[in-house]
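Here is the structure we will look at.
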Amino acid sequence: MSDTVIRAEKLGKKFIIGHYDQRDTMFREAMMRRARNFFRKGAELFRGQPIIEGDSAEEFWALRDVDFEIKRGELVSIIGHNGAGKSTLLKILSRITEPTEGRIEITGRVTSLLEIGTGFHHELTGRENVFLNGAILGMTRAEVRRRFDEIVSFSGVEKFIDTPVKRYSMGMYCRLAFAVAAHLESEILVIDEVLAVGDAEFQAKCLNRMSEVASGGRTVLFVSHNFAAVRSLTRRAIVLRRGRLSFDGPVDAALSNYTAATTTSAQTRRDWGRGRNVTVVAADLVDQQGVPTERYEAGKPLRFHIVFDTNGMSGLALELVLRDEHNVAVAYYSTLVFGQAPLPTTPGRYECTVSLDALYLAAGSYSLDVKTGFPGIEEDHRVDGAVPFIVEICSPNNIPYSFRQDEGVGTLALSLTAPLEFAPVRADAPTGHG
Amino acid sequence: MSTVDQRSSERLVLEAGRADRQYWLDLWRYRELFFILAWRDVSVRYRQTLIGIAWAFIRPFLTMVVFTVLFGQLAKLPSTGGSPYAVMVFAGLLPWTLFSSILGDASASVVSNSNLVSKVYFPRMIVPLGTVVVALIDFAVSLVILAGVMVWYGVWPGWQILLLPVFVALAVITAVGPALWAAAIIVKYRDFRFVVPFVLQFGLYASPVGFSSSIIPEQWRLLYSINPLVGIIDGFRWSIIGGASPIYLPGFILSLLVVAGMMWWGISMFRRTERGFADLI
């Protein structure tokens, strides 16, 4: 019997994505387009194709020509940017979606954790949800019953186990959900970024649990943005870039390959159209040496290198809008509003580096819109999402875990300018600063 | 652990368009998930409601009262074989409610469980089939009411009642075919979510629920039986009221053929599209 438990050959997955060609300026145009799209959708229905929202469709390979082999008991990380194909690969491995081309052979029972608490029902109690979630993840009722006490004590919500989970705090909910997942018994475990929940203590507990699982001789595939976890849990890593396998080998080499990859891909040329007066030609996030990068290290100065063409028109400003992963604008800079730095009035191509104060941006992905125009009056050239970048880790004061955007408490970690001291207030003394 | 060991030696090949030869075996293996999803739907159904399970009694009872007054008293339609109108209506209402709740719930079930479909693997057919259990439980409650109504009117069933389970199974099968088809199509085109309730509303009056199928003129009866519910409902009445409500045999056979056709169509449609559910949902 071969020792290979997963073998992927020429694996590929294609999606059809829709595009909207442009924004409509006229009501009539918009109506025409609606009508055209209506007939196109109707035709698609008759041909039995899925509905594509948009004006034109395009093929998109989320994954292509991916080959790899994984042996029994190996611990492998899969790393790559957002959209590199990691999730698609995991979905194929867990049989949620099927490949468009190529094949994959799996020996053994696979359980996948693409999220924790899949199928949790808010009206059901913690106890009921443990059984429900266990069944969804492929455990039998007998298995769940046998490990029930372990699961509950791992989660630390014993007191509330017969309370509907809708009354749980987010932390309790996540802990219970992870506890079920942590007690799965299968030969191959596929895990997607589930460590990002709970407080630092619970995360440490999860990491411990994962290495226990890993040392138990099981095969583990692990996707994470947390480099520390990748390093400590796995020896081998597969780097995906734009749907292709870019590196497969020891973890340290893979991480440096991944980091190097980000710098080269940022320099690719792009076509952003033109503005009437001032056109943004290129914009990049740059590191402290001025080299383009796609990763911002939280707590270091935030620097953008921008190239633009101007016809010499005066009174225009360069504006930057920072957006978080929900596309919510969280920060703004303008050369005119926040400083009198008018753009040059001699026609030609210029470059500049906008150096901004260090920020503790929460870990996650961001994008920067670059705009030119007369602030508050008229836009000249606007490039939405011109500079996408990610923050891998945000740990001000070297806290042992990463503050993340998806915790839902904001995109900025605030830091103190003076040490925080708690002084007792005497009952007879007046309160406040007075 | 025995189940794990047994599965571990298995080799699974994932490939484009590969017909899953072990599908039905897989469906059997995932029976625990089937029961637990059904249990979830049942146990969530009446949570945080004031009168809880009483809803299962009130709804069919009031529908029966309305139909009896409307068709029996106002329109003065004849009952079959001298049985009380209320009993006849209820005997028709039972299979109809079973049919319509399976079709309504199952067709929406895949989309409403999209969080499961996009995150874990299981034979997708489990989800629509699970709704059958919920509908059957409501059906059992309605049977109790029927028994009460029959005692009230002093109607006693004959030996035909023994065949009732057959007709229950037929009603379920009649619903499952179109439900699977609709569940698959709704994943792709959400429009059909609005079509199903409309068809059900229409079907309530196109099927002999509030009236007896014997009022249909003889020359149209075979044509009328293309609606598979005609045969099913007639069968229900026959087994509950007894010989007084005879089955129209050619029509019944036609209904069975239509049911079989719809079942085959529904299953093949569902099987063909289910591998793409996660991409479309």
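The values are calculated or read from the model by the stated rules, or taken from the named source; none is laboratory data. The shown structure was predicted, so the numbers you read here are calculated from the model rather than taken from an experiment. When we count neighbours, we look across all protein chains shown, and the Cβ atoms used for this are built from the backbone with ideal geometry, even at glycine.
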- Message: Return the residues of the range B:197-221 that are surrounded by 14 or more Cβ atoms within 10 Å (Cβ to Cβ) and among the aliphatic types (A, V, I, L, M); say none if nothing qualifies.
- Response: B:199, B:200, B:204, B:209, B:216
- From (1) more than 21 Å from the chain's Cα centre (by Cα); (2) within 18 Å of residue B:95 (Cβ to Cβ), pick out the condition that doesn't hold for residue B:217. (2)
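Residue-by-condition table, conditions (1) over 30 Å from residue A:135 (Cβ atoms); (2) outside any loop (DSSP other than H, G, I, E, B); (3) under 21 Å from the mean Cα position of the chain (by Cα); (4) modelled with pLDDT of 80 or more:
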{"position": "A:45", "(1), (2), (3), (4)": "yes, yes, no, no"}
{"position": "A:52", "(1), (2), (3), (4)": "yes, no, no, no"}
{"position": "A:82", "(1), (2), (3), (4)": "yes, no, yes, no"}
{"position": "A:92", "(1), (2), (3), (4)": "no, yes, yes, yes"}
- What number of residues in the range A:236-285 are within 20 Å of residue A:320 (Cβ to Cβ), at pLDDT below 85 and among the charged types (D, E, K, R)? 3
- Can you tell me which of A:424, A:342, A:419 is of a type outside the set (Ser, Thr, Tyr) and in contact with a Ser or Thr (Cβ under 8 Å, 6 or more places away or on another chain)? A:342
- Message: Quick test of your reading of the structure: residue B:185 fulfils all but one of (1) assigned to a loop (DSSP other than H, G, I, E, B); (2) out of contact with any Leu (no Cβ under 9 Å at 6 or more places or on another chain). Name the failing condition by number.
- Response: (1)
- Query: Quick check, is residue B:190 among the charged types (D, E, K, R) and either closer than 22 Å to residue B:259 by Cβ or buried (at least 22 other Cβ atoms within 10 Å of the Cβ) (or both)?
  - Reply: no
- Item | Candidates B:13, B:66, filtered to the one that is at the interface with another protein chain (Cβ under 9 Å from one of its Cβ atoms) and loosely packed, with under 14 Cβ neighbours inside 10 Å | B:13
- Message: Restricting to the range B:60-114, give me the number of residues that are over 18 Å from residue B:214 (Cα atoms) and either among the aromatic types (Phe, Trp, Tyr) or in contact with an Asp or Glu (Cβ under 6 Å, 6 or more places away or on another chain) (or both).
- Response: 2
- Message: What's the number of the only condition in (1) within 14 Å of chain A (Cβ to nearest Cβ); (2) in contact with a Phe, Trp or Tyr (Cβ under 8 Å, 6 or more places away or on another chain); (3) modelled with pLDDT of 90 or more that residue B:109 fails to meet?
- Response: (2)
- Query: What do you reckon, is residue A:413 in contact (Cβ under 8 Å) with a residue 24 or more places away in the chain and farther than 26 Å from residue A:310 by Cβ?
  - Reply: yes
- Note on the structure: The condition of being in contact with a Phe, Trp or Tyr (Cβ under 6 Å, 6 or more places away or on another chain) and farther than 30 Å from residue A:96 by Cβ holds, among B:163, B:70, B:98, only for B:98
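Yes/no matrix, rows are residues, columns are (1) assigned to a helix (DSSP H, G or I); (2) more than 14 Å from chain A (Cβ to nearest Cβ); (3) under 15 Å from the mean Cα position of the chain (by Cα):
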position	(1), (2), (3)
B:119	no, no, no
B:122	no, no, no
B:133	yes, yes, yes
B:152	yes, yes, no
B:163	yes, yes, no
